[in-house]
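**Student:** First, the structure itself, so that you have it in front of you.
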Amino acid sequence: MDYEKTAADVLAALGGKDNVLSNMACMTRLRVKLADITKVDQDALKAVEGVLNVGGEGDRLEIVFGPGVVNKVLDCFSALTGIKAGDVESVDLDSVKQTAADNKAAQKQRHDKPVQRFLKKIGNIFVPLLPGIIAAGLINGITNVINVSTSNAFATQWWYACITTMGWALFLYLPILVGINACKEWGGSGVLGAMAGALSISNVAMPLLKKTADGVAAVALPFAVPTPAFDATSGSIAITFSTTYNPAAGGLLGALICGIFFAFLEKRFHKIMPNMLDTFLTPLCTVIVGAIAAVLVLQPAGAFLTQGIFFVLQFVYGTLGLVGGYILSATFLPLVSVGLHQALTPIHAMLNDPNGPTQGINYLLPILMMAGGGQVGAGFALFFKTKNKKAKKYISESLPVGILGIGEPLMYAVTLPLGKPFVTACLGAGVGGVLASLFHLGTVSQGVSGLFGLLIVVPGTQVYYVIAMLAAYAAGFVLTWFFGVDEDRINDVFGE
């Protein structure tokens, strides 16, 4: 593939350089923010070599490429737009503001889905953090195995201490990164978001964030605030009232809420502050008002949400058991199909936190990973049963990477357009979810799936993971073979 030509063709279909405000890569997708979505030629975009599907919401498009391809295309695309990956174009921005404003009403009417837009923003906060979360999770998992097997023989080695520190440091300071991205995503200054996120971190050098030797917060509050605590054994939440501040209670969700609130305050202060005082007083007032609100209200709210999520997961995973495993696996592909699976990233991050209730073991992710297995099984059934040569070509190119855990090509190019195979793939995936729940499979990190999932499952459970994934393959294959292959539909989609 000529990546430069592909990038140029994509840019032309998007309406040219002036219509692109930002560009970044997400696994297999080129994510682009546009000034005017109406300038996009959807048909031309889908016809570009290498483009498997086009999705997105509002002024953001997600252009699906094969694994590895998107990064090469992004390099060329970024060179053409002059915008670094992840940056927002500021040059000549005024020239497109009016066009964007003219289309705002029409776009709001066409994509008036508040929940979906909100979840997209949550995904935008955590997606850039995935490389660090993946690396830190793997480091923690590997070092735990080494510590147990060697009785901490390497604990005093500088190089081992360096690697171990990287694993723990990411999760320790992750609230700061979440605060930065949350504040920026809602239109505020990233550095103020970092200050908001810092309120979720314990630090003995900071007056509010330090704890006493027995682990109790050292600073008293003017009144008692509720502090929920989740009991993983009983699956219940106990609420106590404390007059001391616990910086870790709100966790990542506390940092997320505070980052959003700081952005809200900053924008409001910008509006009411005199121009000559704006530079100085807006950030000062934002931090002071925001910090007080965070300590007294927002952090406790984050604690309630965090513990509530653990309670719901315990109910689905523990109380519903195998039924819950089936439901979670069977309904995950529809989330992926519209890009909303990224909204689960903060939950995965909390579950992989070594200091969390699950001690860093994520029991949700293996269940969701079975969704890819159901789709691979459906792909094999289509490949062997259909007589359409073009469909076979698409499937043969998508199956290998699907097995490795990258399911977008198979889903967007094959199962989703055909309809029935997408449904049978979902139903088949549920069988793998049942076994993943039955085997109590867990992961020490996130970011990979399929065959690569063997790298992140808890050591010693790889065989059970393979069994569950093969069951998802088999169920997806059987259900698709008998109920999901419609040759007329295949010919309509791919041509005879």
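Just so it is clear, none of the values below were taken in a lab; they were calculated from the coordinates. Nothing here was measured: the structure is a model prediction, and the numbers come from that model. Cβ coordinates were reconstructed from backbone atoms using ideal geometry, including for glycine residues, and neighbour counts include every protein chain displayed.
**Student:** Extension gain residue 5-residue 272, at 0.36 nm per residue separation less the Cα-Cα distance, in nm?
**Tutor:** Here the segment from residue 5 to residue 272 would lengthen by 91.2 nm.
**Student:** Return 186, 159, 168 ranked ascending by Cβ neighbour count within 10 Å, so the fewest neighbours appear first.
**Tutor:** The order, fewest Cβ neighbours first, is 159, 168, 186.
**Student:** Once both labels are modelled 7 Å past Cα along the beta-carbon direction, what's the residue 135-residue 168 spacing in nm?
**Tutor:** In this crude label model, residue 135 to residue 168 measures out at 1.9 nm.
**Student:** Relative to the present Cα-Cα distance, how much length would full extension add between residue 153 and residue 243 at 0.36 nm per residue of separation? Mind dumping the intermediate values first?
**Tutor:** Working: separation 90, 0.36 × 90 = 32.40 nm, distance 4.23 nm.
Result: 28.2 nm gained on full extension.
**Student:** Using Cβ contacts closer than 10 Å as the measure, can you line up 26, 426 from fewest to most?
**Tutor:** Numbers: 26 19, 426 23.
By the 10 Å Cβ count, ascending, the order reads 26, 426.
**Student:** I would also like to ask the following. In nanometres, what is the gap between the two model label sites at residue 221 and residue 331, each 7 Å from Cα along Cα-to-Cβ?
**Tutor:** For the pair residue 221/residue 331, the computed spacing is 3.3 nm.
**Student:** Right, another one. Report, in deg cm²/dmol and to the nearest 500, the calculated mean residue ellipticity at 222 nm for the chain, where each DSSP H run with n ≥ 4 adds -39500 (n - 2.57) and the sum is divided by the residue count. If you can, show how the numbers build up before the last one.
**Tutor:** Details: 19 runs with 281 residues, N = 496.
Theoretical 222 nm ellipticity from helices: -18500 deg cm²/dmol.
**Student:** From the square roots a ≥ b ≥ c of the eigenvalues of the alpha-carbon gyration tensor of region 20-59, which class results: rounded (a/c under 1.5), prolate (a/b over b/c), or oblate? Let's see the in-between values first.
**Tutor:** Numbers: a/c = 1.94, a/b = 1.09, b/c = 1.77.
Cα axes put region 20-59 in the oblate bin.
**Student:** Label residue 393 and residue 482 with points 7 Å out from Cα along Cα→Cβ: what is the distance between them in nm?
**Tutor:** For residue 393 paired with residue 482, the spin-label model returns 3.4 nm.
**Student:** Oh, and also: Go ahead and run the numbers for FRET between residue 160 and residue 296, Cβ-Cβ distance against an R0 of 56 Å, rounding to 0.05. Write down the numbers at each step before the final one.
**Tutor:** On the way: r = 42 Å, r/R0 = 0.75.
Using R0 = 56 Å, I get an efficiency of 0.85.
**Student:** A follow-up question, please. Using 0.36 nm times the number of residues separating residue 359 and residue 71, minus their current alpha carbon distance, what extension gain do you get?
**Tutor:** 100.3 nm
**Student:** Dipole magnitude of the chain about its Cα centre, charges +1 at Lys/Arg Cβ and -1 at Asp/Glu Cβ only, in debye to the nearest 20?
**Tutor:** Roughly 380 debye for the chain.
**Student:** Let me ask another. For region 266-324, compute Rg over Rh where Rg is the Cα radius of gyration and Rh is the Kirkwood radius from the inverse mean 1/r over Cα pairs. Can you show the working numbers first?
**Tutor:** Values: Rg = 20.0 Å, Rh = 14.4 Å.
With Rg and the Kirkwood Rh in hand, the quotient comes to 1.39.
**Student:** Over 24 Å apart: what share of the alpha carbon pairs of region 243-346 falls there, rounded to a whole percent?
**Tutor:** Within region 243-346, distances greater than 24 Å cover 47 percent of Cα pairs.
**Student:** Applying a 10 Å radius around every beta-carbon, put 393-405, 377-389 in order of their mean neighbour count, most first.
**Tutor:** Listed from highest to lowest mean packing, they are 377-389, 393-405.
**Student:** For the chain, what mean projected area does the convex hull of the alpha carbons give, in nm²?
**Tutor:** 26.2
**Student:** Same structure, new question: Calculated FRET efficiency, residue 452 and residue 264, Cβ-Cβ r, R0 41 Å, to nearest 0.05?
**Tutor:** 0.55
**Student:** Also, I was wondering about something else. Of the cross-linked pairs 72/184; 5/392; 392/420; 33/84; 393/420; 84/267, which ones have a Cα-Cα span greater than 22 Å in the structure shown?
**Tutor:** 72/184; 5/392; 84/267, as the Cα separations exceed 22 Å there.
**Student:** With r defined as the distance between the Cβ atoms of residue 491 and residue 46 and R0 fixed at 25 Å, what FRET efficiency is calculated, to the nearest 0.05?
**Tutor:** 0.85
**Student:** Rounded to the nearest 20 debye, what is the charge dipole size of region 129-319 about its Cα centre when +1 sits on each Lys and Arg Cβ and -1 on each Asp and Glu Cβ?
**Tutor:** In total the dipole reaches around 220 debye.
**Student:** In region 322-494, if every C-alpha pair distance is counted and binned at 10 Å from zero, what percent goes to each bin?
**Tutor:** Each 10 Å bin holds this share of Cα pairs: 12, 41, 32, 12, 3, 0.
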